[in-house]
Amino acid sequence: MCKLVPDGYFPTYRQLTPDYLISRGIRALVLDVDNTLAPYEQPDPDPALLSWLRDMRQSGVALAVVSNNHSDRIARFTRDFDFPIIAGASKPLPKSFKKATEILGLPPRSVAAIGDQIYTDVLAARWARFGLVVVVPPIRDKRDAFTRFKRLCERPVMRRLFRREGIAMPPKQNKKEKRSDHSDRT
Ligand SMILES: [Mg+2]
């Protein structure tokens, strides 16, 4: 359980700063895409994301994308990104995270991951021995039973994380609440 608790929590990816990473000895950040940088149905990166990515790199943080989503979606979303992209990653298997560190030419302890899922993003980063793993809440979850089950399984881990961070645990949300809560976060 302890290994599943992320090292940090941010309300959105935009609040993760180069200073935070660099002060922890991190030299590269591996990005999840869906529900971390954009909702599933958003085909292209928005200007705020492009600006955040630019800031990261200008501050000396290298970037890579590792996504479980299929290559067409990721190929379009990342078409203007000139850093390593790995789609169809099969997280939580750590192989794609390890491959990303090899391409970046950095030891895993100097690499961080950001994602929205405990049992894929966090677990893969732990198994790949990344130096840091941070999570964001999902921008807009799918409504299917599998997703709801996944989030239910994450709650004990998130409870520990929130307790450590001194954050109130959000209540379980019904479909209507969830939709309105995230309506301004695209
Ligand atoms: Mg995701």
Where the Cα pairs of the range 48-111 fall when distances are cut into 10 Å bins, in %
21, 50, 29, 0
Length gained when the stretch ALA75-SER59 is fully extended (0.36 nm per residue, less Cα-Cα span):
3.2 nm
Once you sort the root eigenvalues of the Cα gyration tensor of the range 102-141 as a ≥ b ≥ c, which label holds: rounded (a/c under 1.5), prolate (a/b larger than b/c) or oblate (the other case)?
prolate
Considering amide H positions built from the backbone, and no H for Pro or chain starts, which residues 5 or more places from LEU37, or on another chain, come under 5 Å of its amide H?
none
Local electrostatic count at VAL157 - Lys and Arg +1, Asp and Glu -1, tallied over other residues with Cβ under 13 Å:
+4
Using a Förster distance of 22 Å, the FRET efficiency for GLU102-LYS3 (Cβ separation, nearest 0.05):
0.45
For every other residue with a beta carbon closer than 10 angstrom to the beta carbon of GLY131, add +1 if it is Lys or Arg and -1 if Asp or Glu, then tell me the sum.
+3
Where the centroid of each part is defined by its Cα atoms, how far is the range 27-59 from the range 118-173 in Å?
19
Give me P(r) over the chain, computed from all C-alpha to C-alpha distances, binned every 5 Å, as integer percentages.
1, 8, 17, 22, 22, 16, 9, 3, 0, 0
Under a 10 Å cutoff between Cα atoms, tell me which one of MET56, MET169, MET158 has the largest fluctuation in the Gaussian network model of the chain.
MET169
222 nm mean residue ellipticity, helices alone, for the chain (DSSP H n ≥ 4; -39,500 (n - 2.57); rounded to 500)
-10500 deg cm²/dmol
For the range 20-31, what does the Karplus curve 6.51 cos²θ - 1.76 cosθ + 1.60, with θ = phi - 60°, yield as ³J(HN,Hα) per residue in whole Hz, taken in order and with x for Gly and Pro?
4, 6, 5, 5, 9, x, 8, 10, 8, 10, 9, 9
How much length is gained if the chain between ASP82 and ALA145 is pulled fully straight, taking 0.36 nm per residue apart and subtracting their Cα-Cα distance, in nm to one decimal?
19.1 nm
Which FRET efficiency value, to the nearest 0.05, is calculated for ARG24 and TYR119 with the Förster distance at 22 angstrom and r the Cβ-Cβ distance?
0.40
Using the Cβ atoms and a cut-off under 13 Å, what net charge is assigned to the surroundings of ASP55, where Lys and Arg are +1 and Asp and Glu are -1?
+2
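Output the relative contact order of the chain, whole-number percent, from Cα pairs under 8 angstrom with separation of 6+ residues.
28
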So how far apart, in nm, are the two label points at ARG163 and ARG14 if each is 7 Å from Cα heading toward Cβ?
3.3
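Could you give the length gained on full extension between ARG109 and ASP46, defined as 0.36 nm per residue of separation minus the Cα-Cα distance, in nm? Write down the numbers at each step before the final one.
Values: separation 63, 0.36 × 63 = 22.68 nm, distance 3.01 nm.
Going from the current span to full extension adds 19.7 nm.
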Most exposed to least, judged by fewest other Cβ atoms within 10 Å, SER96, SER23, SER51 sort to SER23, SER51, SER96
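Computed from the coordinates by the stated procedures, all read-outs in this text should not be read as laboratory data. Bear in mind the structure is a predicted one, so any value in this text is a computation, not a measurement. Reconstructed Cβ throughout: ideal geometry from the backbone, glycine too, with neighbour counts over all protein chains shown.
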